[in-house]
Amino acid sequence: MSDVAPAFRTFPVVLSAPSGTGKTTLAHALVQRGDGFCFSVSATTRGAREGERDGIDYTFVDRSTFAAMVDRGELAEWAEVHGDLYGTPTSELDRAAGRGEHVVLDIDVQGARLIRERVPEAVLVFVLPPSVETLMVRLTGRGTEGAAQVARRLRSALEELAAAPEFDYVVVNDDLEGCLEAIRGIVRAEARRTERTDLLNSGLERIRAEIGRILEEDYANLSA
Ligand code: 5GP
């Protein structure tokens, strides 16, 4: 153990992107590979898609349950997306902080803006698709949506893309591994911001005191 290893604080990592960019895959891959990330399980009124697990991918609730969660102040942010309600339970942020993990929020840009206001230590990353062609393949290839739904998602993609400059970082999801590494790099650098480290407890004062003592004891007769 180093004398001066700073104590790092964890923080939420928000990933936003137009749908069809692959950010949900990215978010889950970050978590599955370990490295101190956990996934924020949102509450939603949307129905489960095939393969989605309640309590793991989303917590699926009806509108009255969602409204009750809002009323009780249980959501750190919430928004209507494509006609359904989605929200981040505050308990997901608390759970991650308690475990010393970075919580990954896969949320839309409205939610990202609210998190920026309410959780200022969060880091916001916007994920871009490598090309419009890839976006179209992902949107139409999913097969779960009809043409009207695809058109709706394309219109909201236009709006979401306009919000990219509000984010702290932009990554391009051209290749999963490269993109994951870019996000991990961002998190590694952010964790080392001086304002996020507990410098006084990190040994900084100890090392300064030690140098001062050496100067006094061994070099006292030498002028500065
Ligand atoms: P999908 O229905 O395709 O899973 O998600 C639709 C959109 O809702 C995506 O952009 C997703 O990131 C976003 N979303 C998922 N969970 C939340 C949430 O808790 N809050 C907000 N604001 N958006 C969310």
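Using only DSSP helix segments of four residues or longer, with each worth -39500 (n - 2.57), what per-residue ellipticity at 222 nm results for the chain after dividing by its residue count and rounding to 500? If you can, show how the numbers build up before the last one.
Numbers: 8 runs with 96 residues, N = 224.
When only DSSP H runs of four or more count, the value is -13500 deg cm²/dmol.
What does the extension gain come out to for A97 and M136, with contour length at 0.36 nm per residue minus their alpha carbon separation? Intermediate results must be reported in sequence, preceding the final value.
Working: separation 39, 0.36 × 39 = 14.04 nm, distance 3.70 nm.
Gain in length upon complete extension: 10.3 nm.
Can you tell me the FRET efficiency between L161 and H28 if r is taken as the Cβ-Cβ distance and R0 is 22 Å, rounded to the nearest 0.05?
0.45
Using a Förster radius of 41 Å, what is the FRET efficiency between H82 and L204 based on their Cβ-Cβ separation? Nearest 0.05, please.
For H82 and L204, the calculated efficiency is 0.25.
Show the residues, 5+ positions off or on another chain, whose built amide H is closer than 5 Å to the amide H of A76.
The answer is T88, T90.
Based on the Cβ-Cβ distance from R152 to R49, what FRET efficiency comes out when R0 is 22 Å, to the nearest 0.05?
0.85
How many Å³ per residue does the convex hull of the Cα positions in the chain occupy?
Convex hull volume per residue, Cα atoms: 159 Å³.
Find how much the distance from D71 to L222 grows on full extension, using 0.36 nm per residue of separation minus their present alpha carbon separation; answer in nm with one decimal.
My answer for the length gained is 47.4 nm.
Rule-based calculations on the coordinates, nothing more; no lab input. This one's a predicted model, so the numbers in the text were calculated from it and none came from an experiment. Note that we place each Cβ from the backbone using ideal geometry, even for glycine, and neighbour counts take in every protein chain shown.
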